[in-house]
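Read through the structure below, which is laid out as structure tokens, and then see the notes.
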């Protein structure tokens, strides 16, 4: 294991986080609402720690291979959480370092679960930093899932090797650099477009930036206590719904579209399935909640927003879906597990994986009826290799195992059945709000410390496609 | 498709059910409590329908192959439910035919979910018939899972081809006859032994017979409203706990043990895992419920009984586990899904399948760390074939899909979240009681009709190892 190389990359990550903090620092200087020192200390910590690490591991040679890749990715998100939490804790708005860490990990994993009871009490710098952690996390995820994981063979992401834009060199580092630039260009453009569109509707530059950052990352942090409901504006709802759906789409498709190949959307089986699930869920939910809304327009507005928010695992709210009928809540719960497309900033198990799993099961039926037939599973017209299938099945098994064990522990901590299970799902799928006492009108402040730590773990496991974290924690990884 | 052969076999099944009804008929004649005519009508219906079918399909030739096998098994359980329900409905103790059908299917699938509010109001004949449906269902299941399914290639049961006792001829029919006799001998012996042991403790012949029938089938119907709690006897609890665990073990192992090879128990990986899960769950539950019991003896008594009852999917109660802490209820919920060993009368996904799925996931971790290594999955020291793995994975996916869709429909019918989901799990895993309003101290009477019909379907799907029913329902099956 080339630990030096891993540390070298991590040090760059820390320095990047330190530099990113200059933005909220500037905002806090502009608004003068008291969080300036918190960011100064945060920046100093990140830069000092980063440069010391860089100093010790300056001359790192060698290629980033599988094991280093897993370790780097897991540590990168963990360190980002640890150092990104510094301004939150220093500011005094978070009662403990664990709470600040929970909020930051929730940001970098684009989850959006919050321990804050009164969000609007926070100064502007901290609010911006909250949304920025999500935006930076989203940047990381796009590059991770499109440019790194397919080559590490994680969870069937190999299927996207061909989809990834950029040069097809097998070496990881040049590929990452090249791909990152292309994808981030798209990510930044969409963000700027959403800021503009929200601004046109009359939202302040500050709030539209925060919301755009959280939307493109499918994060869900809002500077308002009532989330998007605070504005009660059909225009904002519509704009954000569209951008949530964009953020939940494979960014490699956006890349292809921007290069003129708009039909790639339609040709992508995952995208078609994603849109079908969205429309199907909207229709079911509109029918099931028809007694709650006076007009079809209102029903469409609230239901499409909520469905997009949950399916893409953003977690914005215009509505407390806790008052929806049980069947609707169950639909939302299942949508939470589905999540967005692979290669998007959305969480969950991903549409592609679930689509392939259903095909997998259906193949067994065919085999039972025609025992001698050879039936292959196709995706995007290509047969799916046994390797990819096995990786996807393993992913699903681990996802369920982590869910089972974690919700048991949450139950042991004294939480009720629906809170225990939905909090774990909401964190593993990187959504944010769950049901019952962690629902959209509540928060995670009341969860016991051990539960918060466990949920941080769940957020990391879900965000880093399960394997990345579990591999690093497995004894096999560390055995010579 | 050889429909004549299927009908021929079904007609024999109906005649068998008609003959079986002579036992409750005799009991109702002995006790004179009014259900005599109901059984007379039941017997007449079964025998007439059976003999008419037999008359029309007398000369059926040919071998029972895959498709005929699936159709026969699915129709056999459905018809048993339809005709077995006749005495229940005629007696007037069930408000509708659907209710009587629910109770009967719950019997033949060894589930034990009941729509009865006052069980003790029923006459003796009906009570015996309730328990007998379970016992007959258990007989069917043992032969199905040990002698038929491994050869139909259902859900990875092929793994047990070598385990099955009897001659190793590949033709199905002679094998079934031979195997059935051996296994039923064991099944009957255990039943008689339990009747004897319960009788020694002072239970009446009638009640000990009913309980022994339900125990060996892991069914859970009791002639008492309070189930086993009615006796409040540590002796009965202990005897029934042991026999539940016996019933949840692969009967092929009992067969080997009775032929002198007692070490086959220890050599069976599934049995070791089954006992480990049992002990592990008992310890966790004892720790989690320690504040509820005065003495360790009491804790051991209630916890081991409840754990065995849920893990083996029997569903007897000595206790309302609805008052246990949430974590304990979650543990029970997860145990429900695990179920007994393959080749037992227990339901659920089966210990073997879950053990193999965990190994499957772990293999992926190994492959990520050592991308070029070939890692095979072993069970009972033999490598598991890709065919078996695929069948098991498909099984799990279908199990989850049926669960998701069914609990959504239950939610649509207006049931609460915990009732919707736990009723579906309790029926799919053939346990009986779930949580909340279908918990051990409640019943299924209040479920809307559509919900009862759906739960009947869930019981059949779970009992017939998922594929058997789904194959028959799939368009592929009926296409030429």
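The values are calculated or read from the model by the stated rules, or taken from the named source; none is laboratory data. Model, not experiment: these values are computed from the prediction. Cβ placement follows ideal geometry from the backbone for every residue including glycine, while neighbour counts extend to all protein chains displayed.
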Among (1) touching a helix residue (DSSP H, G or I) at 6+ places or on another chain (Cβ under 6 Å); (2) away from every other protein chain (no Cβ under 14 Å); (3) modelled with pLDDT of 95 or more; (4) in a helix (DSSP H, G or I), residue A:264 falls short only on (3)
Of the candidates A:401, A:454, the one satisfying the condition of being within 11 Å of chain B (Cβ to nearest Cβ) and at pLDDT 95 or above is A:401
* **Filter result for residue B:18 (over 30 Å from residue A:364 (Cα atoms), touching a residue at least 12 places away in the same chain (Cβ under 8 Å) and not in a helix (DSSP H, G or I))** => no
The correct count of residues that are in contact with a helix residue (DSSP H, G or I) (Cβ under 8 Å, 6 or more places away or on another chain) and part of a helix (DSSP H, G or I) in the range B:276-295 is 10
Per the filter on the range A:332-360, residues at pLDDT 95 or above and at the interface with chain B (Cβ under 8 Å from one of its Cβ atoms) are A:357, A:358, A:360
Of all helices (runs of 4 or more DSSP H) fully inside the range A:170-256, the set with 2 or more residues that are more than 26 Å from residue A:115 (Cβ to Cβ) and touching a helix residue (DSSP H, G or I) at 6+ places or on another chain (Cβ under 7 Å) is A:172-200, A:234-247
Considering residues that are modelled with pLDDT under 95 and closer than 30 Å to residue B:154 by Cβ, the number found within the range B:432-451 is 5
Checked against (1) buried (at least 21 other Cβ atoms within 10 Å of the Cβ); (2) at pLDDT 90 or above; (3) under 21 Å from the mean Cα position of the chain (by Cα), residue A:255 satisfies every condition except (2)
Only one of (1) within 14 Å of chain B (Cβ to nearest Cβ); (2) in a loop (DSSP other than H, G, I, E, B) does not apply to residue A:67, and that is (2)
Scanning the range B:380-398 for residues that are within 12 Å of chain A (Cβ to nearest Cβ) and more than 22 Å from the chain's Cα centre (by Cα) gives B:386, B:387, B:388, B:389, B:390
Counted residues in the range A:426-450 being surrounded by 24 or more Cβ atoms within 10 Å (Cβ to Cβ), closer than 22 Å to residue A:80 by Cα and within 14 Å of chain B (Cβ to nearest Cβ) come to 0
The number of residues in the range B:312-325 that are surrounded by 24 or more Cβ atoms within 10 Å (Cβ to Cβ) and at pLDDT 90 or above is 5
The lone condition residue A:140 fails out of (1) under 20 Å from residue A:353 (Cα atoms); (2) in a helix (DSSP H, G or I) is (1)
Of the residues in the range B:305-331, those that are within 14 Å of another protein chain (Cβ to nearest Cβ) and part of a helix (DSSP H, G or I) come to B:321, B:322, B:323, B:326, B:327, B:328, B:329, B:330, B:331
Of the residues in the range A:28-69, those that are surrounded by fewer than 18 Cβ atoms within 10 Å (Cβ to Cβ), under 27 Å from the mean Cα position of the chain (by Cα) and closer than 30 Å to residue A:123 by Cα number 1
The number of residues in the range B:106-150 that are in contact (Cβ under 8 Å) with a residue 40 or more places away in the chain and either within 14 Å of chain A (Cβ to nearest Cβ) or closer than 17 Å to residue B:440 by Cα (or both) is 15
**Prompt:** Quick check, is residue B:371 facing chain A (nearest Cβ under 8 Å), at pLDDT below 90 and either touching a helix residue (DSSP H, G or I) at 6+ places or on another chain (Cβ under 8 Å) or over 23 Å from residue B:138 (Cα atoms) (or both)?
**Reply:** yes
Given (1) assigned to a helix (DSSP H, G or I); (2) over 23 Å from residue B:67 (Cα atoms); (3) touching a helix residue (DSSP H, G or I) at 6+ places or on another chain (Cβ under 7 Å), residue B:5 misses just (2)
Within the range B:258-293, the residues that are within 23 Å of residue A:411 (Cα to Cα) and surrounded by fewer than 17 Cβ atoms within 10 Å (Cβ to Cβ) are B:276, B:279, B:280, B:283, B:287, B:290, B:291, B:292, B:293
Reported set for the range A:404-425 where residues are at the interface with chain B (Cβ under 9 Å from one of its Cβ atoms) and either in contact (Cβ under 8 Å) with a residue 40 or more places away in the chain or touching a strand residue (DSSP E or B) at 6+ places or on another chain (Cβ under 7 Å) (or both) is A:409, A:410
